[in-house]
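Asks: I am attaching a structure below and will ask some questions about it afterwards.
The values are calculated or read from the model by the stated rules, or taken from the named source; none is laboratory data. What you see is a predicted model; the values in this text were computed from it and never measured. Backbone-built Cβ (ideal geometry, glycine too); neighbour counts: all protein chains shown.
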Amino acid sequence: MKTIKFILTGAFSICVLLASCTQPKSDANSEKKEVQKDTLQGTIEDVLTKEEQAALTPDEVIQSFKEGNQRFINNDLTARNHSEQVRKSTYAQFPKAIVLSCVDSRIPVEDVLDRGIGDIFVARVAGNFINEDILGSMEFACKVSGSKLIMVLGHEHCGAIKAAVDDVKLGNITPMLTNIRPVVEAIDYKGDRSSGNDEFVQMACEQNVIAAINDIRKESPILNVMETNGEIKIIGGVYDMDTGKIEFMD
């Protein structure tokens, strides 16, 4: 009898112990799921609608870019549910701007401006210069799709700029650099005009951005008129490779 009582008591103790061990785990899982659910809800950001795009001004877009870049610098990028944004933008897009950037892998345009899916058009070419195809893309972005801003984004230590400075001859790079080389040659500078001179390379980078802006206005009557009418703005910027900061050239 004592043996049976001992066995029953032991079995009861084991059940209590198992219950005490499993209960907190269950609560922890529930809490974790709840946190994940809350976090997921917080990351869903609606893509821009046609009405929201139309209500924007170019200056508001510029300000949002400046604020986004500051978040990037602070390592405080907006958390986004990209899967949800993909689904919401499947059949339409109403980006607020188009950005022309260099192909350099160290400048992920959407990240440095803290933008999500459906927010901006991005055109990329080594040395961020203007040609007919890019102008057509910009006209599509602004005249057809309603974007309010064109931004030409150059960057420090640009390989294409350095190649143009040194007048590199190599395959298809040579004809590509003819789009940048005239900018380099036009710079009034008495010092070392080689890629080893960071000061001169930086000057060439900034002048190349300005030249691209001037080319947009000169080569696209459509965009020129839109800017004159205040429908869009055309600006430049130079990305600092050391800090992640964009110096806006409004």
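Asks: Restricting attention to region 225-243, which residues are over 30 Å from residue 53 (Cα atoms) and exposed (fewer than 13 other Cβ atoms within 10 Å of the Cβ)?
Replies: Passing the criteria: 242, 243.
Asks: Also: If you check 104, 76, which single one turns out to be assigned by TED's automatic domain parsing to the domain that holds residue 208, farther than 28 Å from residue 54 by Cβ, outside any helix (DSSP H, G or I) and modelled with pLDDT under 95?
Replies: Result: 76 is the single residue among 104, 76 that is assigned by TED's automatic domain parsing to the domain that holds residue 208, farther than 28 Å from residue 54 by Cβ, outside any helix (DSSP H, G or I) and modelled with pLDDT under 95.
Asks: Take region 114-138 and flag every residue that is charged (D, E, K, R) and buried (at least 19 other Cβ atoms within 10 Å of the Cβ).
Replies: 114, 115, 119
Asks: Further, regarding this structure: Looking at the structure I just gave you, is residue 222 in the same structural domain as residue 70 (by TED's automatic domain parsing), within 30 Å of residue 54 (Cα to Cα), modelled with pLDDT of 95 or more and not in a helix (DSSP H, G or I)?
Replies: Working: in the same structural domain as residue 70 (by TED's automatic domain parsing): yes; within 30 Å of residue 54 (Cα to Cα): yes; modelled with pLDDT of 95 or more: yes; not in a helix (DSSP H, G or I): no.
No; evaluated as a whole, the condition is false for this residue.
Asks: Among residues belonging to region 165-205 that are of a type in the set (Lys, Arg) and exposed (fewer than 13 other Cβ atoms within 10 Å of the Cβ), point out the one that is nearest to residue 125 (Cα to Cα).
Replies: Taking the candidates together, the pick is 169.
Asks: Sticking with this one: Take the residues in region 217-250 that are hydrophobic (A, V, I, L, M, F, W, C) and more than 20 Å from the chain's Cα centre (by Cα); name whichever of them is nearest to residue 155 (Cα to Cα). Don't jump to the end; show me each part of the working.
Replies: Filtering region 217-250 down to residues hydrophobic (A, V, I, L, M, F, W, C) leaves 222-223, 225-226, 232, 234-235, 238, 241, 246, 248-249.
Those still in the list that are more than 20 Å from the chain's Cα centre (by Cα) too: 222-223, 225-226.
Working: 222: 27, 223: 24, 225: 28, 226: 27 Å.
My answer is 223.
Asks: In the list 63, 85, 53, 70, which residue meets the criterion of being of a type in the set (S, T, N, Q) and modelled with pLDDT under 90? Let's see the steps before the verdict.
Replies: Working: 63 fails: modelled with pLDDT under 90; 53 fails: modelled with pLDDT under 90; 70 fails: modelled with pLDDT under 90.
After ruling out the rest, the residue left standing is 85.
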